[in-house]
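Taking it in order: structure first as structure tokens, then the write-up.
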Amino acid sequence: MSNNMKNIEFEKPSYSEWQDAAIKALKGKPFESLLTKTSEGITLEPLYTQESLVAKLGEELDKQVATIRSLQNSQVFKVAQQVYADTGEAFFAQLDDSLARGNEVVTIDSRVNFEWTAEIVAKLATYFSEYSFKITVENSKDPLLAVFDNIAIEQREATKGFIVSKNPITLTDFPNVRSIGADITVYHNQGANAVQELAYALAFAAKYVEQEESFEAFAKRFYVSFAIDTQFFTEIAKLRAFKVLWKAFSSAYGIEKNIKIPTLAETSLRSFSKLDVYVNLLRAANEALSGLIGGADVFTVHPHDALTKPTDQSIRIARNVSLVLKEETNVLKVTDPAGGSYFIESLTADFVKEAWALFLDIEAAGGIDAYIASGKLAEELEQSYQARIKATQTRKQSLIGTNIYANPADVLESETNPLFADIKRIAIPFEQLRADMTAANVKTGILALGTLKSSKPRADFVSGFLNTVGVVPEKSEPIATAEEAVAWLNTTEATYVVIAGNDDDTKELVPAILAGKPANVLVDVAGKYKDEEEAWLADGLNGFIFAGQNIIEKLNSVFASMKEVQR
């Protein structure tokens, strides 16, 4: 029997056959409901096939794959664990520990809580002579840059690393230090989507190449730096797309040979939250795996508590995330592990097309400086940020532990790491409203109509809705009559109550409940009732809570109304 099973071949269904089966399974919903629109404006198909990919890209598919693989550096995903310390002594202790435990790149942000004294800088120079580095400085006068004056002349050619700064830093006698960078993390943290990030990277490259004597001289000093968000496949495709775009960019300058450019990457802090911080660890691991598969050359995993104050334990865990992925997944044994995936290859091509078009628009506007001066870049970032904020606040995009499955008992840390204070995180509105609600000691309740079975679905939804801002509502026992409901409203301490029941019970009992409710209690109804809405609002109903509603707008409105009622 087993031999017979081995010889069985199943007929491969065609795409049209699969589509017919999918439409049947949708039970009346249109097939288009399976399409997904990304924040970049790209439509994702429910199924990708070899045939559809070849039809879409043709001969360009082989060119795309070959380009990505030829531009892959031999050593990728070098671990770059950032040092966080408040004193020079603690700085070197943490640095030594990280290098002994798997860190490969000395990673420093110059904005520390201690002074870069001559003694500290001189000691740090000995590390730069032995290890590669990635330092972030504010400008050409940053005191950390004095480290290069302390490196012996005979060691300068062997010194390798990256200087991240808003503007290029000029160093002499350090041919292997890359100090011209397109640091796109800045724009990512202000809301940029993948297409915008790729286009901006090319636009900055176009700006800087004109400042150098030749393309080759520029390329020896250039690098690009990306932040990797939680959209797993999007971020893989973004990193792969940059290689294709870089090849096209260099070809435009008459360079046909492959010039490899290092890609620095880090976990996205705009996706981090101060709420349920251990979820940040899961986000970081997901993002790091995207970076690994996408081919990042140097990668930094931020600790899960980076927004406040990282601890020795959180720093160790962050470093081990990189090490586990690098050493235990075997991903690095494969060149371009995402290559050949119909979905990722298609998405990569989409990003290449859209990013190149935006890059050309930027160049047509006079280059990146003119584009920034015109306000167009800021406008694009704000639109992308607002779209992301709206998606989070309406739960179209989940932020676990923040906008869904929130822990109301979680204590919100008031401390903020100044390094990351300016990042436009999507969790901030939830953190701010939770702080306000907690300080006001808001009392809320859920009035359950009907039976436990009939009221529980909406009661649980309302509870989760309120939990996002740290509120734990008082829940009534299931109530069957309007008289019981009014009696409960008169005894509860809650000044804001949501009625939760099925449609029939709600329609039957709400009018009488509104007629008898106390004047100092705001009442909402869970669900949508278009036919009854006008009459109920006229009778004193505050409003409604329902799926797809903007949580922050709704609860800010409720909070303001509660303060008015309490006056």
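Taking every alpha-carbon pair within segment 435-566, the share separated by more than 27 Å comes to 9 percent. Scaled against 2.2 N^0.38 Å for its residue count N, the alpha carbon radius of gyration of segment 157-299 is 1.08.
Extension gain for Leu26 to Val334 (0.36 nm times residue separation, less C-alpha to C-alpha distance): 107.0 nm. Restricting attention to the chain, close to 5% of DSSP beta bridges with both partner residues there are antiparallel. Using 0.36 nm per residue and subtracting the Cα-Cα separation, the extra length available between Thr170 and Glu327 on full extension is 52.9 nm. Out of every Cα-Cα pair in segment 65-373, what percent are more than 30 Å apart? I get 31 percent for the Cα pairs in segment 65-373 exceeding 30 Å.
For Leu412 and Glu256, the difference between the fully extended length at 0.36 nm per residue and the C-alpha to C-alpha distance is 50.8 nm. What angle, in degrees between 0 and 90 and rounded to the nearest 10, separates the Cα long axis of helix 342-364 from the longest principal axis of the Cα atoms of the chain? That works out to roughly 70 degrees.
Close amide-amide hydrogen proximity is noted between Phe544 and Val525, each under 5 Å apart and 5 or more residues distant or on a separate chain (H modeled in the peptide plane; Pro and chain starts excluded). Applying a DSSP loop filter and a limit of 12 other Cβ atoms within 10 Å to the GluC sites (Glu not before Pro) in segment 196-227 leaves Glu210, Glu213. Look at the dipole of segment 154-228 built from charges on Cβ: of Val177, Ala201, Phe215, the Cα furthest out on the positive end belongs to Ala201.
Each Lys and Arg Cβ is given +1 and each Asp and Glu Cβ -1; about its Cα centre, segment 435-566 then shows a dipole of about 360 debye. Using r as the Cβ-Cβ distance of Ala248 and Lys123, and R0 as 56 Å, what FRET efficiency do you calculate, to the nearest 0.05? For Ala248 and Lys123, the calculated efficiency is 0.80.
With axes computed from alpha carbons, what is the tilt in degrees of helix 551-566 against the longest principal axis of the chain, rounded to the nearest 10 within 0 to 90? The two axes meet at around 50 degrees.
Loop-located trypsin sites (Lys or Arg not before Pro) in segment 159-243 (DSSP state other than H, G, I, E, B) with a sparse environment of at most 16 neighbouring Cβ atoms within 10 Å: Lys160, Lys166. The spread of Cα positions in segment 386-442, taken along each principal axis and listed from longest to shortest, comes to 29, 29, 17 Å. Across the chain, Cα pairs under 8 Å and at least six residues apart give a relative contact order of 12 percent.
Site pair Glu483 and Ala152 shows an inter-label distance of 9.6 nm when each label is modelled 7 Å from Cα along Cα→Cβ. Computing Cα extents along the principal axes in Å directly from the structure and comparing it against [x] 89, 68, 60; [y] 90, 53, 52; [z] 78, 68, 49 singles out [x]. Taking other C-beta atoms within 10 angstrom as a stand-in for reagent exposure, Lys390, Lys274 fall in the order Lys390, Lys274, fewest first.
What do you get for the angle between helix 88-100 and the principal long axis of the chain? Use alpha-carbon atoms, 0 to 90 degrees, nearest ten. Tilt relative to the chain: about 80 degrees. In terms of the mean number of neighbouring beta-carbon atoms within 10 Å, the peptides 415-424, 73-82, 250-259, 553-562 order highest first as 73-82, 553-562, 415-424, 250-259. Over 20 Å between C-alpha atoms is what I'm after, so list which of Lys243/Lys353; Lys27/Lys530; Lys530/Lys563; Lys37/Lys376; Lys220/Lys333 land there. With Cα atoms farther than 20 Å apart: Lys27/Lys530; Lys530/Lys563; Lys37/Lys376; Lys220/Lys333.
Since every read-out is calculated from the coordinates, none of them should be taken as a lab result. Being a predicted model, the structure only gives us computed values, none of them experimental. Methodologically, a virtual Cβ is constructed for each residue, glycine included, from the backbone with ideal geometry; neighbour enumeration extends over all protein chains shown.
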